[in-house]
Amino acid sequence: MTRTMRLAIPNKGRLRDTTSSLLSDAGLEFEKSDRTLSVSVRNVDLDLLFVRTEDIAELVSDGTADLGITGQDLLAENGVDLPVLAELGFGHCRLVAAVPKASPAEKLEDLAGARVATAHPNATRRIFEERGIDADIVTLRGSVEVAPKLGVADAIVDLVSTGSTMLVNGLRQLDTILVSQAVLIGSQASLEARSAEADAVVTALTAVTEGRRKRYLLLNAPASSVGAIQRIIPGMGAPTVVPLADDTMVAVHSVVDAGSIWNLLPDLKAAGARDILVLRIEQLIP
Ligand code: AMP
């Protein structure tokens, strides 16, 4: 008998809670425990392995887990080439090269011959090589941003989301060498042998991530405004137009990008829309 499908997820760190919310929002019921290594999902035939974020690519690669959730930066650092089944829309960060404000360097190529401190040596070395830059990569496990002040390095490569830590440490960003977010990865062997089970997990998780990117928009408007409103909200296919008891009025329902709401509202009001409701979507399966 084949064993239950295993999904490896972070047991601590920045991606732990966001991953756990994604799984809960997808309808998986499981015990959230800091101490156990593995739990069975109560309502679906799936086991969760709680492991260190940086070990996940390796565990999926060697087949210990069939699927995993980790950062794209860690895939690059581990140098494993695994299928990315979905970008999950959280854990956004960038791997950035930075120098002290007073440094003469203006572009990444100016770091040729420099000492570059980083906790991401493999990804940094590979990206520098790809760009033909021969730098001396100094591996540090922590406090990378103080390395130039300590005289340990001329530049650093570090993960940033806002960039404020670099600013506080008197550093200037030179270049983004990698853009990352959390992703769902799969082992090639499992994807071939258990494709239906893997697809079910991909569908359930992307239903949530797609839903988060969208909003359900409802509004009332004069029937004569429908053409103008439809031009403003292309939505997913055509909007739904429902007649109201007052036959000069209609209700319009549509799904729009969450990020576009701010710009849409003034145009919709100008076109005659009123009683506008903007609702979150729990899951969206196109
Ligand atoms: P952890 O070290 O366990 O907290 O997890 C770090 C992972 O979170 C990284 O490998 C990235 O994929 C992601 N991440 C998102 N934003 C940041 C950030 N500002 N700094 C470091 N890691 C980040």
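Brief remarks follow.
- Set against the 2.2 N^0.38 Å expectation for a compact globular protein, region 174-286 has a Cα radius of gyration ratio of 1.46.
- When the charge dipole of region 1-148 is built from unit charges on Cβ atoms (+1 for Lys and Arg, -1 for Asp and Glu) and taken about the Cα centre, the candidate among M5, G142, S20 whose Cα reaches farthest toward its positive end is G142.
- Against the rule of thumb 2.2 N^0.38 Å, how large the Cα Rg of the chain comes out: 1.27
- Along the chain, longest interval not containing exposed GluC sites (Glu not before Pro), exposed being DSSP loop plus at most 13 other Cβ atoms within 10 Å: 107-281
- Label-to-label distance, T248 versus T18, with points set 7 angstrom from Cα along the beta-carbon direction: 5.0 nm.
- Axis angle, to the nearest 10 degrees, between helix 16-25 and the longest C-alpha principal axis of the chain: 20 degrees.
- Counting 0.36 nm for each residue step from Q230 to E87 and taking away their Cα separation leaves a gain of 48.5 nm.
- One decimal place: the segment E282-S164 gains 39.2 nm when fully extended, by the rule 0.36 nm per residue minus the C-alpha distance.
- Each Cα pair under 8 Å and six or more residues apart adds its separation to the average, and for the chain the resulting relative contact order is 19 percent.
- Over 31 Å (Cα to Cα) - which of K107/K214; K107/K149; K12/K107 fall in this group: K107/K214; K12/K107
- Neighbour-count order for I261, I127, fewest beta carbons within 10 angstrom listed first: I261, I127
- A convex hull fitted to the Cα coordinates of region 93-180 yields 80 cubic angstrom per residue.
- All Cα-Cα separations within region 215-280 were binned at 5 Å from zero, giving a P(r) of 4, 20, 34, 27, 11, 3, 0, each value a whole percent of the pairs.
- Angle between the chain longest axis and helix 261-270 axis [Cα atoms, degrees, rounded to 10]: 30 degrees
- Within region 55-80, backbone nitrogen closer than 18 Å to the virtual label 7 Å beyond the Cα of A189 toward Cβ: 56-68, 80
- Considering only trypsin sites (Lys or Arg not before Pro) in DSSP loops that have at most 15 other Cβ atoms within 10 Å, the longest stretch of the chain without any of them is 150-286.
- Remark: spin-label model distance T240-I261 equals 1.9 nm, labels positioned 7 Å along the Cα→Cβ axis.
All of the numbers you see were taken from the coordinates with simple rules; none came from a lab. Just so it is clear, the structure is predicted and the values come from calculations on it, not from any experiment. Please note: Cβ atoms are built from the backbone with ideal geometry, for glycine as well, and neighbour counts cover all protein chains shown.
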